[in-house]
Structures are given as structure tokens and as C-alpha cells.
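Enquirer: First, the structure itself, so that you have it in front of you.
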Amino acid sequence: MTKPLLEIQGLRKQYGAVEVLKGVDCTMRQGEVIAIIGSSGSGKTTMLRCINMLEEFQGGRILIDGDAIGYDEIAGARRRKGEKEIARQRALTGMAFQQFNLFPHMSAAQNVMLGLVKVKKMGRDEARALAEGWLDRVGLAARADHYPGQLSGGQQQRVAIARAIAMNPRLMLFDEVTSALDPELVGEVLQVIKALAAEGMSMLLVTHEMRFAYEVASRVIFMNKGVIGEEGDPKEMFVRPQTERLVEFLKSSSFQ
Amino acid sequence: MTKPLLEIQGLRKQYGAVEVLKGVDCTMRQGEVIAIIGSSGSGKTTMLRCINMLEEFQGGRILIDGDAIGYDEIAGARRRKGEKEIARQRALTGMAFQQFNLFPHMSAAQNVMLGLVKVKKMGRDEARALAEGWLDRVGLAARADHYPGQLSGGQQQRVAIARAIAMNPRLMLFDEVTSALDPELVGEVLQVIKALAAEGMSMLLVTHEMRFAYEVASRVIFMNKGVIGEEGDPKEMFVRPQTERLVEFLKSSSFQ
Amino acid sequence: MHDLLTNDLLMFANELWIARLALLKGLGVTVSISLLSILAGSVAGVGLGLGLVYGNRLLRLLLRGYTDIVRGTPVLVLVLASYYIFSTVGLDLGPFQAGVLALAVFCSSHVGEILRGALQALPAGQTEAAKAIGLTFGQTFASVLWPQALRQILPTWVNTAAEMVKASTLLSVIGVAELLLRTQEIISRNFMSLEFYFFAGFLYFLINFGIERLGKFVERKTAVPS
Amino acid sequence: AQDAGSTLDKVLARGTLVMGTGSTNAPWHFKSADDTLQGFDVDMGHIIAKALFNDPAKVEFVNQSSDARIPNITTGKVDITCQFMTVTGARAQQVAFTIPYYREGVGLMMKADGPYKDYAALKAAGSKVTVAVLQNVYAEDLVHAALPEAKVDQYDAQDLIYQALNSGRAEAVATDQSSIGWFMIQNPGRYVDAGYGWGPQTYACAVKRGDQDWLNFVNTALHEAMTGVEFDTYAKSFKTWFGKDLPPPQIGFPVEYK
Amino acid sequence: MGYTLNFAAVWRSFDLLLGGLLLSLQLAAVALVIGAAIGLVLAFALVGGSAVLRRPAQLYVTVIRNLPILVLILFTYFALPQLGVRLDKIASFVLTLAVYSGAYLAEVFRAGLLSVPRGLKEAGLAIGLTPMQIRTSIVIPLMVRNVLPSLSSTLISLFKDTSLAAAIAVPELTFEARKINVETFRVIEVWMVTSALYVATCAVLAALMRAVERRLALPK
Ligand SMILES: Nc1ncnc2c1ncn2[C@@H]1O[C@H](COP(=O)(O)OP(=O)(O)OP(=O)(O)O)[C@@H](O)[C@H]1O
Ligand SMILES: Nc1ncnc2c1ncn2[C@@H]1O[C@H](COP(=O)(O)OP(=O)(O)OP(=O)(O)O)[C@@H](O)[C@H]1O
Ligand SMILES: [Mg+2]
Ligand SMILES: [Mg+2]
């Protein structure tokens, strides 16, 4: 077996006194597409944000390609890595947010180029060409010079995905990327994600769209109160859930 | 036949050069519940706002209990009534808005009391008792002293309804009162409206919830491009729409 | 060296003691100028703000011109203008009255702008909801718009108040015996400029710091729970 | 002048004289430790009040900055201004000057322990010397008349030019000899006069133009203070503020017509 | 009441006033650029998490904003030399106005920083930008757009504060006006012309700021 792409070992995270992740273990291979489902507040977003070091975490380890994210362990003591090193590690993963978070003062192309120029130190022309290529891939070639304020929610989200993918991450993280969208715009975004999955991009996606998870994921993780409640093949899990919590959750969701 | 509660005759309204209402005629009896449906921009909100004189209108008449709203006609010339008189007439109708529009610096009870004290010149104690009664009716007895910022969207909307109803209006106007609410909060507000309908309150309600219109309305008006496209019994209309526009509209709506 | 320092301090303490009544009177005048001009300026400013938002075109244009001219003029110039220009038309204001008038005019233009901003920032839905339950415009303003605008303008209004205290120093130019002029009078007797200027600065700081604290307190008191 | 009446009649009817002066320049007009206005200008006010009402106390002082001296007369805020006002032709076109009551000259003052001991040393130092003066259009020329190469820094208050000297920003101050004299009396031993005076100028009170009655009255009052019945009052004041005894006016043929 | 306006004396010295205005503008430009840098650093300290930076920044803002600027001017000019720092008139006024405006601009910028959504900073982190890169590429450009309206009025009142440089004989507009007053005593006329110059300059400044605002407005 090859080295796993992502390894999470005993991940613990608390906000003040409240423990939100209570020891999460998970291993992911290159090319896998994992959907994370679970009720509100179960810790899905938090888990993604820890992988990207947008949140500090208090216990456990996260490894990407065997490389420990965020913290060094020296003689049993944890020390946060330097800002520069953390920035480099963040670029290993790409992240798409529920709220798009496009930079409103930059055109679509500039949004995509920013990381290429500042982090990858690419020349502006090269970066521009790459950005246009990616915008084309998400169906927005004609909108490269539009500003976020001039784009619909679905278009904005596709630019955000292009911005993340253009950095050539080892792993893409999607956090409910369609839930701020009007229903008629959801489809175009899911289409883009499906195409990426088909090309073998490794992805971790938090979603409330059960049908989408069912179709696109190679594995599903059900988060429940800060731990992984159940995981497995979607074809299996959605049809024959093993735990009572998952039965309940699937009942309340729109899948059935 | 008794005198109608509301009579609209040839109502015309334009914004600048754009005609938004192009001659609306409608008669409503005491105790009726009329649902207004129609696609976006068809003039539903505008019609409600004219009835409440939140908008000036350029042609036609609106009568409540035979009393002309907003304008006097003297020898063929229209003259806007005085502010005092218009304020009095506005109090004949109650209005609930999409965006609640609670006064953020007043508690729930104070929101309800304001009109009672200032318009109805009620004593504070009497007004407070009445307000608490109405808050109780919408299920918020325990929240009388909460401020809008401390209430959920559904709770705020129920306070807003209580505030309008407490004025004892002849007619209630509801403008998409649930469309700014999270799905799980919609039910509690519709519940309140249903109860009011059951008690015989006359109501005009603009809604996108077709199932709700179907269940609660005694009559449905389908607005189309500034005129009434079709009207009738919901049991009839939804099942056997007469015009092509309505067929199309119902197809795109979630009802079917 | 050390002795020299204590000696200087003793001399300053002595002069301060001699000057205590004059300073106290100056402080009193500064406080009364500030209070009067803030009060009058705020009342006028509220009217101005109302006119800027709800007035008809002509009134809005006039008030806009007034506001922009007043805000573009250094206060010193307003003070001098108020003192002299009225006497050329035969209205003889004393320096105190003329000074307070100038500061009040200055204050009104600021309060007017602040209030205009706050009123325009209120959602239109607030006015509509008030109209819908049958309130007249006056009632809507008094019960719905004003209380909300007031909370919003409070921090900026406190800043303006502190500005007025600082601007009151300019009345010394037309001979109002406020704190700065009193200080200068003392300095012209004992020539201890640094010491007395800084003492005056300290007093001004205390007044303004007090105003700032008071503002924070009122802000907390009137905060709406959320 | 019959219709409006002379200021003289108005003042007499009012029962007090309203005089404009400052409050921050010793020894001309400044506050005593017990906060009463005093100084040579102030005494001129008392002298005129005595002439008007036989009561030197019947004068009300209006505090005004130097800028305000002429406007306060032309706009009628004061009956008269006595505030070390230098007589010039330009000013005389706007207000009417009374007869003079003092002749001023400019002097130079330095720190006693400073690098320069007298006028000759200052002049020899050339452009190494910075001189602090009161703000004035003529200030630069005035200093250069005595010290042609010196640098000139202007300030808008008397205390500031002393401050400049003390803090080492200037090596000398150039200002009225009366002010230097007063300052040196107040701070014995710390400063020296360079021993050079120049730039004569005349101080007079000013009233509104076109009111001859009033001007005549004030002139008479001042004249009699300097040469006649009120001489003792004037001389006492002179001694207090300038430290010099005045010789009494010569008796006999009036000195004015010699 | 009998006072006739006569502007002849003012027009004779008009170029003096214009020279003063020019110096006022130069003083304001230099001081406000430095002040903006101070304000920016303070603003980041004020919104940042670390109390070690926040406390001193708060102290700075509170003390400076509550002192009359005249006192600060006198302090830099007269007291600093006694402590061994000797600046000439113009430099010490520019320094004072920079320090003073730093406190005001810090507050303006702080509000602007708070209005930049956190999600945008996180999006920057997520593509691997360092915190400093996020500040320069994302936070500051957005903050500047947010603060432009209030920045405009702050800059105008700071510009008017250059009139206080007259106290230490910096020959800016007010100083020149007072100089002409001493010469001609045409006080009313001089102040009328001077205030017209100030009002016009402020109007031009405001118009410039509005142009910048339009220029930087985001396409919708
Ligand atoms: N900044 C924070 N401070 C304190 N608690 C927080 C914070 N962010 C999240 N939490 C809490 O952590 C828990 C997990 O939150 P998280 O956002 O990971 O849930 P989620 O599974 O993504 O839910 P959802 O489906 O609603 O997005 C919740 O109880 C939430 O209230
Ligand atoms: N203040 C206004 N100025 C100009 N046009 C307006 C204004 N308000 C509404 N309109 C226009 O009037 C038309 C009718 O608007 P109205 O809000 O009544 O539609 P509606 O049927 O309520 O639609 P929706 O379902 O979207 O609420 C629309 O074309 C709208 O763009
Ligand atoms: Mg989440
Ligand atoms: Mg509508």
C-alpha cells in the first residue's frame, strides 16, 4: 500500500471549554472522494478548517503526505510552526467556502492569479494564462474580467473553486459550497465538482445534498457529536445504515 | 348583499414611466381570505402597498367599507388627503412585511403597544395587557420583554403579526411573510396565520407557498404583468387552471 | 541639578497656588462655553439634520450650502466673523455671546451631518412599519426614528463635544477669559510658559476624558440587547 | 454730529468709560496675582475716567487681542483703545489717534550666561545669531536694521519669544525696551540688555474717526496728565511700570510752544 | 453700522495669502502621509489580538485625541529641545500634526478593518498567503474603500488644523492673514478672503476624495 495522502490521528479541538472534535481518526488515499455528512454542529466544518490550519487544534496530528500540519512535536512538546511554513502547508490543500469569499476588489482572473503570483511566484503572464485556463474549465472563460459583484452566486462559487484548484493542491476541501445558492444555481456548481472527481482530484466534501454524496463519493463519513459515527461505501451506507443515529439523520434529510 | 369590505376599481400605479399596475379590479367581502400569487415583478407587493397608502397611485380608487383611501375626488380632480387622515386610514389595515421591520430598540411588548398608545390613545396598562394577550396568541407570552435582536426570525415575524393585529384592523395584509425565514421556521408563522383565518379575520396574503394558499385561502388571485390574470376557488384553480400563463406559473412553482 | 528641579517644582507649585482662582474661573468659563455651544448647536443641528433629510429641494440645497461652508471654515475664522460681522449690521454681541454663537454654528453643522447620516442609514422598512400601524410622521420620528438614530450618533456626538471643548480655546482671540486666555495672562505675569501650558493641557485632557467616559457610560446604558 | 451725539455725551450718560485693551503684556496691560488688570495702558484708562467722572474706577475694560484693536473701534465695541498702539499713517486713516502718551524703542536682550555679552558681540557673530521677535510685517527689517545678518524668528506672543530665548532657539530677543525692562526687573540677574536701542515709535490711544468732541476731550485729559493737574498720577504710574522718576514739567511758559 | 468694506489692501497682499495656502497644503500633505502610516500601524495594533500591542495603542489614541493640538505644538517646539531633540519650526509642526492625525486616522482605519469580512482573510490563508500578504493585497485595499467617506471629513478637519502652525510662526495661510491684519487692520476683509480660501480648498479636497471614491468603486 502506498503512503496515504491524508492521515488524521486522534484530532481534538475545543472552543474554550467545549470540546467540538473528540478524537477523529481518518485515513484517505490519493484520488479518493470522501463526502462528510452529519447534522448541524457535529463538527464537519471544524474538521475541514483544522486540516487547513484555519483553526488551531489542541490534540492529535494531521499528516499530508506524511508531513505534520501546523505543529512540530519536539520531545513530546507541541510547538506551532512558523507563519511562513504554515502558509506553505495551507497551499497543499485548496478550500472552497460556503460564502465563496471572493476578493471583491479583484476581477475573476485576478482572484485566481493572486495565489499564483504571490505564493507560487509565477510571472503575471503565465499566471494569467493559467487562470484563464481554469476559468474556462469551470465555464467562465467569458467572465474573466468581471468583478464578483457582477457575477451570480453560482458563478462566484465556480470562480472560488477555480481559484483553489489553480494552486494545484494535493487535496481539495469543499465546505457546503452550494448551501448559500439559490436552488437553480446549485446544479452548475455540482457539475464542476463532479468533473473534478472524474479527473481523479482527491476531495473531502462536506455536503447536505445526500443525492450528490451518493453519486459522487467513493466513501462517506458520518460525523456525529465530534466523532466519526459511521463510515463506508455510500451505496452501502445510505441503504443499510448500521447505527441508529445515522438512520435518524437520513430520515430527517431530504434523501429519502 | 352587504357592502364589500374592500373594493379596488381600476387601480393604476406607475414608477416613473413604467406602469406596474395596469388597472386592477377586485372586491372582497368581510371574512374572506384571499391569496395573491404570481411571478416575481407581477405587482403583488405594489398592490398591497397601495391599499396601505405606502405607495401613491395614479389612477383608480380603493375603498375600505366604502371609504376612499388616500385621495379625495372633488369635481373630477384628485387630491391627496391630509397626513392625519391618511394615518387614520392606514390603521384600518394591518400589514406584515417580508422583512418583519420590528423596531429594534423596543421589546416585543413595546412594539405591539406603540400603535395602541399613540394611535388608539390607550392607557399604558391597558395596552400592555392587550399586547401580552396577543403575544400569547402567537405563542410568545414568555418573550414579551425580549428585544428583536434576541428573537429568531420566526419569532420576530410572529411579533410583527401581533403588532399589526393588535390594532384591530378591518383587514390584514401579508406580504410574503415567510420568505425571509429559514425553512424550519416557516411552519410556526403559517400556523399563526391559519389560526387567524379560522377566526374569521379578513386577509389578503401574497405568498409563494402554493400548498399554503391552497389550504387556507377562500379565493386565489393570480397576478400577471400588472393585472389580475385569473381568480377563483383554489380547489378549482390549482387543479384546472384556465389561462396558459397560470398553467406555466404553476408548473414552475413547487406545488406540483 | 536635583535641587534645581525641586526648586523649579516648588516655584511652579507656588505660582499655581497664586493663580488658582484665575484658573478656576477660566475653567468655569471654558465649561460654560462648551456646554452652551454644545447644547445650542445640538438643538440647531437636529433641526438641520431633519431639514437635510426631509426638507424639500430648495431647503435641502440651502442647508447643504450652509453646512458645507461652515464645515470648510476654520473655527477661528467663524469666531472672528461672528464677533465683527454682526456689529457691522448693528447687532452688538458681546465676545462671550458671539463666541458661543460661532461655536454653536460650528457644532450644528457637525451634528446636522451626523444626524443626516444616521437617519439615512435607517432601513426604509422602519418608517413603513410605523406608517402601517397608523403613526403620523411626527409620531414616527419621535418614537421610531429618533431613538434609533440617537443611539447611532452617540459616539460621534461625544467626539464633537470634545472638539467643542478644544475649540473653545479660540475664544481667547476675542478676549473671552476662558482657560487658555487665563493661562496666558498668568504666563505674562510669571513667564512660566511651559509649565502653565502643560497644566492647561492637562485640564483640557481631564475634561475631554470625562466626556469620553460619560459617552461610553451612556452608550452602555442605552444599548439594545441582542 | 448733533443727530447721533458725541461719544462724550454717550459716555457721560452711561456713567462708565468702555476701554479696549489686552491682558497679556506686562507692563502695559496684564493681570496681577489677585487677578486685577493693571499696567501703564490701564492707568491711562483710569486717568481718562477720572477726567470724565472724577472717579478713576469708572472704567470698564474690554479684553481684546492686538488684531482686534482697530475693528473694535470701528464697529463701536469700545469708546477708546489704549493698548501700546504704534501710530502709523495707515492706521491713522482708519482711526483717530490721540496725543501720544509714551515713546517706545526696540532693544535687545540676551541670557546673562549666554555666549554673547553685548551688542558688539552679537553683531560680530553675524548669521550665527537667531533673534526672536513678535510677529509683524516689519519684524525682519527691524531686526536687520540693528543686526544686518542675523536670522529672524517670529512668534505671536510675548511669552513665546522669551521661551525661545530660554530654550536656546534664539540667542537674543528684540522687543520693546519697556517689555525688556519689565522682564529684567522680574527676573533679576538672569538676563542682560545688549545696550542698544533703535526703532522709535509712538504710542497713542485711538478713537473713532469723525468725533472731534470726544477726541478733544481725551487729548485734554492726557495732556493734563502729562503736563498739568494730574501729573502726579501719571508720574506715579510711570515710576511703577518703567522704574524711572519723571522730572516735573517746567513751570512758566508752556513747554509745548517752545 | 458705518463700516465700509475695502478689499484693496487684501488684494495687494493676495500673493502672500496664496503662498501661505500653498505652505498649508504642503504641511498637510506631508503630515497626513506620515499620520496615515502611524494610524495604520495603530489600527492593526488596536484590532489585533495581542494586548501587548493593543494597550499602548489605546493609550496613544486616548491621550492624543483629548489634548488640544496647540498644547502638542508647543510641546514639540519648546519642550523637546530641552530633552535634546531639536527640530526646526516646520519639522516640529509636521511631526506634531502627524502624531495628532495618527490618533484620529487610527480610529478611522480601525472601523474600516473591522468591516472587512473574516472569510476573505481566511480565503487568503487558504491559498497560502502569509498574514502580511493578506494585509497588503486584501485587507488594506478593502479597508481603504470602506473608510473613504469618513476619511474625507477627517482629512479636511486635519487640514484646517494647519492654521494652528501660526502659533510657532510657520508662515502658512493663517499666519499670513494675521500678518496682513497687523499691517492693514482690515481684519474683516482679510478673514473673509482667508475663509473663502479655506472653504474653497476644502471643497476641492472633498471633490477629490469623491473622485477617488468613484474611481475605486467596485463594479456591480
Ligand atoms: N468560533 C467558535 N466558537 C465557539 N464555538 C464554535 C465556534 N465555531 C463553531 N463552534 C461550535 O462547534 C461546533 C461544531 O461546529 P461546526 O461548524 O464544525 O459544525 P458543522 O458540523 O459544520 O455544522 P453545520 O452543518 O451547521 O455547518 C458547534 O457546536 C458550534 O457551535
Ligand atoms: N421603488 C420602485 N421603483 C421602481 N420600480 C419599482 C419599485 N418597486 C417595484 N418596482 C417594480 O414594480 C414591479 C412590480 O413590483 P412588485 O414588488 O409589486 O412585484 P411582486 O409581484 O411583489 O414581485 P415579488 O414576487 O418579486 O415580490 C416590478 O417590475 C418592480 O421592478
Ligand atoms: Mg458547517
Ligand atoms: Mg413582492
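The values are calculated or read from the model by the stated rules, or taken from the named source; none is laboratory data. All values reported here derive from a predicted model rather than from experimental measurement. Virtual Cβ from ideal backbone geometry, glycine too; neighbours counted across all protein chains shown.
Enquirer: Do the conditions hold for B:Arg88, that is, is it facing chain C (nearest Cβ under 10 Å) and away from ligand 4 (no atom under 15 Å from the Cβ)?
Expert: Details: facing chain C (nearest Cβ under 10 Å): yes; away from ligand 4 (no atom under 15 Å from the Cβ): yes.
Judged against the criteria, B:Arg88 is a match.
Enquirer: Hey, another quick one. Quick one: A:Asp125 ticks every box in (1) part of a helix (DSSP H, G or I); (2) under 27 Å from A:Gln30 (Cβ atoms) bar one, so which box is it?
Expert: (2)
Rundown of residues vs (1) modelled with pLDDT under 90; (2) in contact with a Lys or Arg (Cβ under 8 Å, 6 or more places away or on another chain); (3) away from ligand 3 (no atom under 16 Å from the Cβ), yes/no style:
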site: B:Ile8; (1), (2), (3): no, yes, yes
site: B:Thr27; (1), (2), (3): no, no, yes
site: B:Asp65; (1), (2), (3): no, yes, yes
site: B:Ala77; (1), (2), (3): yes, no, yes
site: B:Leu92; (1), (2), (3): no, yes, yes
site: B:Met106; (1), (2), (3): no, no, yes
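Enquirer: If I ask for residues that are within 14 Å of chain C (Cβ to nearest Cβ), touching a residue at least 60 places away in the same chain (Cβ under 8 Å) and part of a loop (DSSP other than H, G, I, E, B), which ones from region E:161-220 would you list?
Expert: E:Glu172, E:Arg186, listed by residue number.
Enquirer: List the number of the failed condition for D:Ala164; all other conditions in (1) buried (at least 17 other Cβ atoms within 10 Å of the Cβ); (2) away from every other protein chain (no Cβ under 11 Å) hold.
Expert: It fails just one condition, (2).
Enquirer: From the list D:Ile48, D:Ile73, D:Ile99, which residue is within 14 Å of another protein chain (Cβ to nearest Cβ), among the β-branched types (Val, Ile, Thr) and outside any loop (DSSP other than H, G, I, E, B)?
Expert: Numbers: D:Ile48 fails: within 14 Å of another protein chain (Cβ to nearest Cβ); D:Ile99 fails: within 14 Å of another protein chain (Cβ to nearest Cβ).
Testing whether each residue is within 14 Å of another protein chain (Cβ to nearest Cβ), among the β-branched types (Val, Ile, Thr) and outside any loop (DSSP other than H, G, I, E, B) leaves just D:Ile73.
Enquirer: Another question, if that's okay. Within region D:88-103, count every residue that is closer than 19 Å to D:Thr175 by Cβ and at pLDDT 90 or above. Break it down stepwise before answering.
Expert: Let us first name the residues in region D:88-103 that are closer than 19 Å to D:Thr175 by Cβ, namely D:88, D:102-103.
Still in the running and at pLDDT 90 or above: D:102-103.
Result for region D:88-103: 2.
Enquirer: Could you grab me the full set of residues in region A:50-98 that are in contact (Cβ under 8 Å) with a residue 60 or more places away in the chain and under 18 Å from the mean Cα position of the chain (by Cα)?
Expert: To start, the set of residues in region A:50-98 that are in contact (Cβ under 8 Å) with a residue 60 or more places away in the chain comprises A:51-52, A:64-66, A:91-98.
Of everything in region A:50-98, those that are in contact (Cβ under 8 Å) with a residue 60 or more places away in the chain and under 18 Å from the mean Cα position of the chain (by Cα) turn out to be A:Ile51, A:Asn52, A:Ile64, A:Asp65, A:Ala91, A:Leu92, A:Thr93, A:Gly94, A:Met95, A:Ala96, A:Phe97, A:Gln98.
Enquirer: Looking only at region E:113-143, count how many residues are among the β-branched types (Val, Ile, Thr), touching a Gly at 6+ places or on another chain (Cβ under 7 Å) and modelled with pLDDT of 90 or more. Working first, answer last.
Expert: Restricting attention to region E:113-143, the residues satisfying the condition of being among the β-branched types (Val, Ile, Thr) are E:116, E:127, E:130, E:134, E:136, E:138-140.
In the following step, the residues that additionally are touching a Gly at 6+ places or on another chain (Cβ under 7 Å) were identified as E:127, E:134, E:138.
Those left that are additionally modelled with pLDDT of 90 or more: E:134, E:138.
Residues meeting the conditions: 2.
Enquirer: Tell me, which helices (runs of 4 or more DSSP H) lie completely within region B:207-256 with 1 or more residues that are under 21 Å from B:Ala180 (Cα atoms), away from ligand 1 (no atom under 16 Å from the Cβ) and away from chain A (no Cβ under 14 Å)?
Expert: In region B:207-256, the matching helices (runs of 4 or more DSSP H) lie at B:210-216.
Enquirer: Scan region B:130-145 and report the pairs whose first residue is over 14 Å from B:Glu188 (Cα atoms) and whose second residue is surrounded by fewer than 20 Cβ atoms within 10 Å (Cβ to Cβ) and among the acidic types (Asp, Glu), with Cβ atoms within less than 9 Å and a gap of 6+ or a chain change.
Expert: B:Ala141/B:Glu132; B:Ala144/B:Glu132; B:Ala144/B:Asp136
Enquirer: Would you pick out the residues in region A:47-82 that are in a helix (DSSP H, G or I) and within 14 Å of chain E (Cβ to nearest Cβ)? Give the derivation first.
Expert: Pass one, region A:47-82, residues in a helix (DSSP H, G or I): A:47-51.
The answer is A:Leu48, A:Arg49, A:Cys50, A:Ile51.
Enquirer: Suppose we filter B:Val177, B:Val206, B:Val220 for residues that are in contact with a Pro (Cβ under 6 Å, 6 or more places away or on another chain), buried (at least 20 other Cβ atoms within 10 Å of the Cβ) and not hydroxyl-bearing (Ser, Thr, Tyr); which single one remains?
Expert: B:Val220
Enquirer: When you scan region A:192-201, do you find a residue that is outside any helix (DSSP H, G or I), modelled with pLDDT under 85 and away from ligand 3 (no atom under 16 Å from the Cβ), even just one? Write out each step before concluding.
Expert: Going residue by residue through region A:192-201, those that are outside any helix (DSSP H, G or I) are A:199-201.
Narrowing the set further to residues that are modelled with pLDDT under 85 leaves none.
No, region A:192-201 has no match at all.
Enquirer: Out of the residues in region A:161-175 that are outside any helix (DSSP H, G or I) and charged (D, E, K, R), state the one that is farthest from ligand 3 (Cβ to nearest atom).
Expert: Restricting attention to region A:161-175, the residues satisfying the condition of being outside any helix (DSSP H, G or I) are A:167-175.
After this cut, where a residue has to be charged (D, E, K, R) as well, the list is A:170, A:175.
Numbers: A:Arg170: 23, A:Asp175: 6 Å.
Among them, the one singled out is A:Arg170.
Enquirer: What pairs come out if I take residues in region D:83-111 that are within 16 Å of D:Ile48 (Cα to Cα) and pair them with residues that are at pLDDT below 90 and among the charged types (D, E, K, R) whose C-beta lies under 6 Å away, six or more apart or interchain?
Expert: Between residues of region D:83-111 that are within 16 Å of D:Ile48 (Cα to Cα) and residues that are at pLDDT below 90 and among the charged types (D, E, K, R), the close pairs are D:Gln83/D:Arg69.
Enquirer: Taking A:Val119 as meeting all but one of (1) within 14 Å of chain E (Cβ to nearest Cβ); (2) hydrophobic (A, V, I, L, M, F, W, C); (3) crowded, with 20+ Cβ neighbours inside 10 Å; (4) under 22 Å from the mean Cα position of the chain (by Cα), write down the number of the exception.
Expert: That leaves (3) as the condition not met.
Enquirer: Check whether at least one residue in region B:188-198 is more than 14 Å from chain C (Cβ to nearest Cβ) and either within 16 Å of ligand 4 (Cβ to nearest atom) or over 25 Å from C:Ala132 (Cα atoms) (or both), and report yes or no. Give the derivation first.
Expert: Taking region B:188-198 first, the residues more than 14 Å from chain C (Cβ to nearest Cβ) are B:188-198.
Filter again for either within 16 Å of ligand 4 (Cβ to nearest atom) or over 25 Å from C:Ala132 (Cα atoms) (or both), leaving none.
No - not one qualifying residue is present in region B:188-198.
Enquirer: Okay, moving on. Looking at region B:167-189, which of its residues are modelled with pLDDT of 90 or more, aliphatic (A, V, I, L, M) and more than 16 Å from ligand 2 (Cβ to nearest atom)?
Expert: The first filter runs over region B:167-189 and keeps only residues modelled with pLDDT of 90 or more, leaving B:167-175.
Okay, now just the ones that are also aliphatic (A, V, I, L, M), so B:167, B:171-173.
Scanning region B:167-189 gives B:Met167, B:Leu171, B:Met172.
Enquirer: What do you reckon, is C:Ile153 in contact with a Leu (Cβ under 8 Å, 6 or more places away or on another chain) and within 14 Å of chain B (Cβ to nearest Cβ)? Let's see the steps before the verdict.
Expert: Working: in contact with a Leu (Cβ under 8 Å, 6 or more places away or on another chain): yes; within 14 Å of chain B (Cβ to nearest Cβ): yes.
For C:Ile153, the condition - in contact with a Leu (Cβ under 8 Å, 6 or more places away or on another chain) and within 14 Å of chain B (Cβ to nearest Cβ) - is met.
Enquirer: Quick check on region B:83-108: of everything there that is among the small types (Gly, Ala, Ser) and buried (at least 24 other Cβ atoms within 10 Å of the Cβ), which residue is nearest to B:Met167 (Cα to Cα)?
Expert: Step one: of region B:83-108, the residues among the small types (Gly, Ala, Ser) are B:87, B:91, B:94, B:96, B:107-108.
Those left that are additionally buried (at least 24 other Cβ atoms within 10 Å of the Cβ): B:94, B:96, B:108.
Working: B:Gly94: 7, B:Ala96: 12, B:Ala108: 15 Å.
Among those residues, the one meeting the criterion is B:Gly94.
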